[in-house]
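First the structure, in the form of structure tokens, and then the observations on it.
The values are calculated or read from the model by the stated rules, or taken from the named source; none is laboratory data. Everything numeric here is computed off the predicted structure, so don't read it as measured data. Cβ sites come from the backbone with ideal geometry, for glycine too, and all protein chains shown count toward neighbours. Side chains included, ligands, DNA and RNA excluded: accessible areas come from the protein's heavy atoms. Shrake-Rupley method; radii C 1.70, N 1.55, O 1.52, S 1.80 Å.
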Amino acid sequence: MTYTENYQKDLRRIRSAVPNLEPLRGKKVLVTGAGGLICSALVDFLLSLDMDVQVYAAGRSPEKLEKRFSFWAENPALHCVRYDALESIELDVPFDYLIHGASNASPKAYSAEPVETMLANLSGIHNILRYAHAHQRGRVLYVSSSEVYGKKEGSQPYHEQEYGFVDILNPRACYPSSKRAAETLCAAYSKEYGVETVIVRPGHIYGPTATASDDRASSQFPRDVLAGKDIVMKSAGSQLRSYCYVLDCVSAMVTVLLAGESGTAYNISNCHSVVTIRQMAEGFAQAAGRKIIFDNPTDAEASSYNLMDNSALEATRLEALGWQGMFDLESGVKATLDAL
């Protein structure tokens, strides 16, 4: 992606979606998974605030992070540090906030590497919680997933206390099962050790910050149309999703980080952008003057699909904190294509 004038403008615009940013002033913030779709945009936002927020962007390759955030190379508030979810944290910084977004986010990887996916999700959050406990400070925000809800009948959105069925013997359940267990570990650390934890459950996030290796449908759609290709769908696309533009997700995360109740989970969903996969594809195709083609999936592709037909989320709890989304499907699609 590029830091277009519109992207920078949107970074400033979403400040108004967060009720009170002042608690961030002068604080130290660790962001794991900083090279990914969601947390790279979060780092962009924090650095754009001009509030002396010291941002520690953490990932397995500090060199790649420096390249990703080269736009901010002259900003002394940016610190690119090494982090691996399977290893102990080799830092000694008294963080005020620890945001854990490091996770395998590729459906193909869920299918090919279910063991590694599970272990990274559990070890990663355990290392963060242990670090916060050892330093006796720092509020932890865990980035979970709408997949924790499992399957249910009907198309009504999920509330935070409503859980459906997950087939725990299906290897594809490595992702939702480990996300569920990670949330329980957050709650356990809060109860036993007094570590402040809040949890966000994003729906299906999309935007220009997706990496080149991101093979999720909502990341493939914009790449295809910008390459002059038609969108090839491997299903009817009838599954209902809470698609949320990445900067809406960022402002929601910061709202929960600063104002959320400890030990509580919050759905991230823009009520104006709950659509089917096909509607998402149509949005990108129409914006770029392309069309949609349907094809049959391979067995390997089908085995990696999300187990949920409906993953629409109810965001009343998040909105009660004062947050409102700013990007509907049309404006989110436009912003994505502009920055790409």
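Numerical summary
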| read-out | value |
| --- | --- |
| Per DSSP, loop GluC sites (Glu not before Pro) in the range 59-137 with at most 10 further Cβ within 10 Å | Glu74, Glu90 |
| Estimated Rh, the range 132-282: Kirkwood, alpha-carbon pairs, angstrom | 17.1 |
| Local electrostatic count, Ile89, Cβ distance below 10 Å [Lys/Arg +1, Asp/Glu -1] | -2 |
| Average accessible surface area per residue within the chain, 1.4 Å rolling probe, Å² | 44 |
| With every protein chain in place, the chain: carbon and sulfur % of accessible area (1.4 Å) | 50 |
| Highest-MSF residue in the chain out of Asn296, Asn127, Asn267 [GNM, Cα springs under 10 Å] | Asn296 |
| Karplus (6.51, -1.76, 1.60) ³J(HN,Hα), θ = phi - 60°, over the range 215-226, in Hz, Gly and Pro reported as x | 9, 5, 4, 5, 8, 6, 4, x, 4, 5, 5, 6 |
| Gained length - Arg13 relative to His159, 0.36 nm times residue gap less alpha-carbon distance | 49.7 nm |
| Projected-area average for the range 118-215 over all orientations - Cα convex hull basis, square nanometres | 8.0 |
| The range 109-149 - Rg (one decimal) and Dmax (whole number), Cα, Å | 12.8, 38 |
| Share of alpha-carbon pairs per 5 Å distance bin for the range 26-163, given as whole % | 2, 9, 18, 20, 18, 14, 9, 6, 3, 1, 0 |
| Furthest towards positive pole of dipole, Tyr83, Ala41, Ser213, structure part the chain, Cβ charges | Ala41 |
| Selected from Gly237, Gly36, Gly101 as most flexible by GNM, with the chain as the system and alpha-carbon contacts under 10 Å | Gly237 |
| Label-point gap, in nm, between Glu90 and Lys64 - each point 7 angstrom along Cα→Cβ | 1.8 |
| Overall dimensions of the range 228-340 by Cα: Rg and Dmax, Å | 16.1, 47 |
| Extension gain, Glu261 back to Glu74 (0.36 nm per residue minus Cα-Cα distance, nm) | 63.8 nm |
| 18 Å Cα-Cα threshold exceeded, pairs from Lys64/Lys229; Lys151/Lys179; Lys28/Lys64; Lys108/Lys152; Lys9/Lys334 | Lys64/Lys229; Lys28/Lys64; Lys108/Lys152 |
| Of (i) 20.1; (ii) 21.0; (iii) 22.2, the label for Kirkwood radius over Cα pairs in Å derived from the coordinates | (i) |
| For the chain, share of DSSP beta bridges that run antiparallel, in % to the nearest 5 | 10 |
| Gaussian network model of the chain, springs between alpha carbon atoms under 10 Å - residue of Ala287, Ala217, Ala85 with greatest fluctuation | Ala287 |
| Relative packing of 269-278, 316-325, which averages over residues the other C-beta atoms within 10 Å, highest first | 269-278, 316-325 |
